[in-house]
Amino acid sequence: MDISFEEDDRHFQKEVREWLEDAWPQETRDKRGRSAQGRLSKEDHVAWQKNLADKGWAGTNWPKEHGGAAFTPTQNYVFDLELARVGAPRVVPFGISMVAPVIMKFGTDEQREKFLPSILNSDIWFCQGYSEPGSGSDLASLSTKAEDKGDHYLVNGVKTWTTLAQYADWIFCLVRTSTEDIRQLGISFLLIDMKTPGIDVQPIVTLDEPGEGFQEINIVYFEDVKVPKENLVGEEGKGWTCAKYLLEFERGNAYSPSLKGAMTHLRSFAAAEFDGTGSSYWEMDEFKRRFNDIEVQILAMEYTELRILGTLAAGQNVGPESSMLKTRGTEIQQAVTELALEISGAYAAPLDQSTPFPGDNFQAVGPQDANGTAQEYFNTRKVSIFAGSNEIQRNIMSKLVLGL
């Protein structure tokens, strides 16, 4: 099977590789290597995304009419490969990759003019208000209510697992605007300014947060929050259609580029670290068997992604295959972090074993490659749950692919 790229795509790959040499600064690369899980601040992400926007590569899936790069499916794949090669992050998805396509398809001209340029340039940040206590994978059971008050809605309710809500300027929310026999028919899609009175963001502390307190997820309370009617995206009661469209972008990512990069890192880590017998992990037959098994799974994943790439290039939709990618990709992600944790051994135990920055007056705990492996392991337990749990994804596949 020939999986080589066309000449134009190889030229594009060369352009991306050369641009990244200067655009992904060494200072930020070092910071990714020192801090637990390589976590970047909001300022780091904004600076990186503005850099991408200046190049015209922030909105890779955006059409050119809205200032996007309009990458082909193959270019998107190549771009992800090169980002993974140097350890550069993708854009924070909630604005550029998730709500923006919804605004493009279902929003008004005024909404497109107001939000799209600011999202593209990372001048405003969105977070996602979907899940609620008791309404996660069964999202249609959500109860956050938006009451019609004439020229505005009055929103009351709770959203949870809201990633980076403490940084967000706006939140896109699914809210209940009516109680229909079919639950999905009473749901609407609202854009809400996070500075509006009545919004309270509280942190949810998780096991993977280091001692100095990187906080990732939150619970967001809405009490009599006034939202102008012009912030409704699409028709009232048609929010479920917007939500399904958005999930195509949330679940349709390629996993193999970042997984291959992680395995390259793990191979060198395993060769450098020794167990209690005096042998490196790479010399242990059982470890190599597990390592090779995961590599084969990633290779199978890559071939599957490339087949889907061909489908997309032909102008067809991904369909239920996105559920397959999400399920297998997240399971392999978890397996990779388990290997990293095994190699790290006792060095993974400290809550925060960050490598010192220049001038810091403390010793590193263990090798730099062990840095953040425990946090990454704990954090990655969530990937089989968010964006629709893997159990739900298997139900989708059994129904749409197998006809069960």
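None of the figures in this text is laboratory data; all of them are computed from the coordinates on show. This structure is a prediction, so every number in the text was calculated from the model and none was measured. All Cβ positions, glycine included, derive from the backbone under ideal geometry; neighbour counts span all protein chains shown.
Brief remarks on what is shown
- Put in order of Cβ neighbour count within 10 Å, fewest first, the listed residues ASP208, ASP8, ASP44 become ASP8, ASP44, ASP208.
- Among the listed pairs LYS159/LYS399; LYS195/LYS238; LYS114/LYS226; LYS55/LYS238; LYS159/LYS229; LYS64/LYS326, those whose Cα-Cα separation exceeds 24 Å are LYS159/LYS399; LYS195/LYS238; LYS55/LYS238; LYS64/LYS326.
- Taking Cα atoms only, the orientation of helix 109-120 departs from the longest principal axis of the chain by about 20 degrees.
- Here r is the Cβ-Cβ distance between GLU65 and ASP285 and R0 is 60 Å; the resulting FRET efficiency, rounded to 0.05, is 0.60.
- For region 7-91, the Cα gyration tensor yields ellipsoid semi-axes of 23, 15, 10 Å (square root of five times each eigenvalue, largest first, whole Å).
- MRE, 222 nm, helices only [DSSP H, n ≥ 4, -39500 (n - 2.57), over the chain, to nearest 500]: -14000 deg cm²/dmol
- Helix 73-86 vs. the chain, principal-axis angle (Cα, 0 to 90°, nearest 10): 50 degrees
- Computed log₁₀ I(q)/I(0) - Debye formula, equal Cα scatterers, no solvent, region 125-238, q 0.14, 0.22 Å⁻¹: -0.54, -1.22
- If you wrap the tightest convex hull around every Cα atom of the chain and split its volume per residue, you get 161 Å³.
- Sites counted here are trypsin sites (Lys or Arg not before Pro) in a DSSP loop (not H, G, I, E or B) having no more than 15 other Cβ atoms within 10 Å; the longest part of the chain that contains none of them is 196-404.
- Here the calculated FRET efficiency for PHE274 and ALA300, from their Cβ-Cβ distance with R0 = 45 Å, stands at 0.90, rounded to the nearest 0.05.
- With a cut-off of 11 Å on the backbone N, the residues of region 9-25 near the modelled label site 7 Å out from ASP54 along Cα-Cβ are 23-24.
- The magnitude of the dipole of the chain, with charges of +1 and -1 set on the Cβ of Lys/Arg and Asp/Glu and taken from the Cα centre, is near 540 debye.
- For the pair ASP8 and ASN156, a Förster radius of 56 Å applied to the C-beta separation gives a FRET efficiency near 0.60, rounded to the nearest 0.05.
- Along the chain, counting only GluC sites (Glu not before Pro) with a DSSP assignment other than H, G, I, E or B and at most 15 other Cβ atoms inside a 10 Å radius, the longest segment between sites is 7-179.
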